[in-house]
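The block underneath contains the structure these notes are about, expressed in structure tokens.
The values are calculated or read from the model by the stated rules, or taken from the named source; none is laboratory data. Remember, it's a predicted structure, so these values are computed and weren't measured experimentally. Virtual Cβ from ideal backbone geometry, glycine too; neighbours counted across all protein chains shown. Keep in mind that these areas ignore ligands, DNA and RNA; they rest on the heavy atoms of the full protein, side chains included. Shrake-Rupley method; radii C 1.70, N 1.55, O 1.52, S 1.80 Å.
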Amino acid sequence: MRKVCTWCLLVWMVGIAASEQCVAQKRVWEKKSYRKGIADFFTDYLSGVKGEFEKAVWVEREDVGSVRAMVWEAWREANGALQEEKLVGLRGLDEKGLEAGRWRLPAELEPDAVMPYYWGSKGEMPEGGYPLFLYTHGSGHKDAEWRTGLTICRRFEDAPSVYFIPQIPNMGEYYRWWQRSKQYAWEKLLRQAFVSGEVNPNRVYVFGISEGGYGSQRLASFYADYWAAAGPMAGGEPMKNAPAENCRNMAFLLRTGEADRGFYRNYLTQHVKEVFDSLERANPGSFVHRVELIPGFGHAIDYTPTTPWLRQHVRNPYPKRVSWENFEMDGRYRDGFYNLAVKVRSNEGTDERTYYEWSIEDNHVDLKAQVVKYKAVEVDPNWGIELKFARSYRPATTGRVVIYLCDELVDLSREVTVSVNGREVFRGMVRPSVKDMVNSCALFFDPARIYPASVEVDLSK
């Protein structure tokens with residue numbers, strides 16, 4: 001009897017200690033000094049001092065919502081204080097004398113690069129913020145293309161909406177919408193638009209025409225975790241440049257003239273259709289798409305159906321099945337996609353890529369990590385354009401990733417298991433922490449993706 005009482009006393013004391021620790025931890029994230037540490041980290045991160053927030057403080061599940069809000073507010077304040085060119089004030093897109101904003105892009109990414117842009121709205125802002133459309137123009141003279149872009153974007157029947165209509169900074173054979181300098185601009189746009197409170201983060205769209213069609217197709221795949229839908233027009237990229245697998249969970253529209261033979265646009269568009277059709281057949285409902293060759297048309301087509309189709313779709317920021325080929329674009333890789341962060345890639349060089357596919361079911365995360373290599377199987381005899389490819393895969397045996405989790409993906413009150421390439425690598429409870437919320441906020445700058453918990457996986461073990 002005495003032993004039972006001693007044991008009960010011990011359990012009671014441990015419970016009290018744990019409760020007091022939770023209270024103490026809670027007090028930490030409520031302290032001004034701790035919140036200042038978060039704000040200082042965000043300030044340094046935005047200034048280019050990349051790193052991780054290391055001050056781990058556990059958070060009770062019932063407090064996750066309030067801590068998320070606190071982290072996002074600290075992020076907004078750090079963005080507001082950052083000395084950078086901000087988005088100009090939002091005005092009506094149809095207003096006469098609409099003034100353009102200007103962003104100077106980093107010289108180390110592109111010398112003498114200034115990107116003018118229009119930032120304008122249609123209609124009254126709906127609850128939750130405007131749908132945002134990013135439009136990329138064609139490869140004619142940039143002044144004429146930019147004017148045309150403003151004209152046609154005003155005509156599209158997609159109100160209420162807000163538009164970012166940029167002019168490419170420089171012209172010539174080597175200037176493209178997908179290059180690193182422009183990647184800087186798109187990420188700056190998303191970051192500033194999200195903190196503005198004027199844009200709905202789950203209703204962001206990218207589309208473009210001709211050279212802008214190529215660009216928006218690449219951007220669709222590279223940034224697929226941000227888009228609700230993408231709509232390249234009069235384009236058609238080889239699939240190596242824009243892997244269709246990445247477009248799972250977003251909607252994709254590609255429209256090209258049937259007689260648009262320049263650079264094999266009609267041929268490649270047909271191949272894009274075949275790939276998306278095959279993926280949708282194998283994964284019903286996961287690859288929503290509409291790819292069409294328009295009879296009787298060449299390079300010039302009717303552009304008006306695109307944005308009304310795009311705006312029907314809303315992003316799900318928490319899909320439970322994701323596929324991601326982490327391809328480099330102008331020498332740069334993404335460091336994260338949906339709820340996966342890459343600490344160390346599994347491919348050593350750019351001749352290979354890492355392909356991740358993960359699913360979540362009944363609190364189990366099943367991750368497949370492979371290294372993929374491309375081989376051209378059809379090459380244009382005139383210009384040497386690689387048109388079609390075969391891919392080979394092997395299991396990844398190196399690399400390190402972080403799988404971020406939240407209650408929208410798993411039940412954090414229950415045990416979580418993780419397997420990699422068929423082998424269980426984690427089993428246990430996953431506790432919410434401020435550290436995970438701060439680091440995921442900095443990585444994704446997305447109010448929907450402030451993740452309270454994570455599991456780190458070393459693929460070599």
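Remark: region 112-190 carries 40 Å² of accessible area per residue (probe radius 1.4 Å; ligands, DNA and RNA excluded). At full extension, MET171 and GLU378 could sit 71.5 nm farther apart than now, given 0.36 nm per residue minus the alpha carbon distance.
Using a probe radius of 1.4 angstrom, the carbon and sulfur fraction of the accessible surface of region 192-261 is 38%.
Calculated on the alpha-carbon coordinates, the convex hull of region 116-231 measures out at 93 cubic angstrom per residue. Calculated accessible area for region 360-461 comes out at 45 Å² per residue, all protein chains present (probe 1.4 Å; ligands, DNA, RNA ignored). At an R0 of 25 angstrom, the distance between the Cβ atoms of ARG76 and ARG180 translates into a FRET efficiency of 0.40.
Surface calculation, 1.4 Å probe, protein heavy atoms: ASP40 sits at approximately 70 Å² accessible.
Per residue, the chain reaches -10000 deg cm²/dmol at 222 nm when only DSSP H runs of four or more residues are counted, each adding -39500 (n - 2.57).
Sorting the segments 406-412, 69-75 by their mean number of nearby beta carbons within 10 angstrom, highest to lowest, gives 69-75, 406-412.
One way to sum up the overall shape of region 272-425 is the equivalent ellipsoid from its Cα gyration tensor, whose semi-axes run 32, 24, 14 Å, largest first. Over all projection directions, the Cα-based convex hull of the chain averages an area of 25.1 nm². Using only side-chain charges placed at the Cβ, +1 for Lys and Arg and -1 for Asp and Glu, the dipole size of the chain relative to its Cα centre rounds to 840 debye.
The slack between LYS461 and ASP330, meaning 0.36 nm per residue of separation minus the straight C-alpha distance, is 44.0 nm. For the chain, the relative contact order works out to 13 percent when only alpha carbon pairs closer than 8 Å and six or more residues apart are counted. Per atom type, region 22-138 shows carbon and sulfur on 50% of its accessible surface, probed at 1.4 Å. Global dimensions of region 37-183 from alpha-carbon coordinates: Rg and Dmax equal 19.1, 57 Å.
Among LYS86, LYS32, the sequence by solvent-accessible area, most first, with a 1.4 Å probe is LYS32, LYS86.
If both residues of a DSSP beta bridge must be in the chain, then about 65% of such bridges are antiparallel.
Accessible surface of region 363-461, 1.4 Å probe: 47 percent of it comes from carbon and sulfur atoms. Centroid-to-centroid, using Cα positions, region 249-265 and region 109-188 are 20 Å apart. Excluding same-chain neighbours fewer than eight residues apart, the lysines reachable from LYS32 by a Cα-Cα span under 21 Å are LYS55, LYS435. When LEU268, LEU87 are compared by accessible area of protein heavy atoms, the largest-first order is LEU87, LEU268, using a 1.4 Å probe.
Mean separation of Cα pairs under 8 Å and 6 or more residues apart, divided by the residue count, gives region 130-212 a relative contact order of 56 percent. Spacing of the modelled spin labels on GLU54 and LEU98, each 7 Å from Cα toward Cβ, amounts to 4.8 nm. Between region 30-101 and region 288-322, the alpha-carbon centres lie 32 Å apart.
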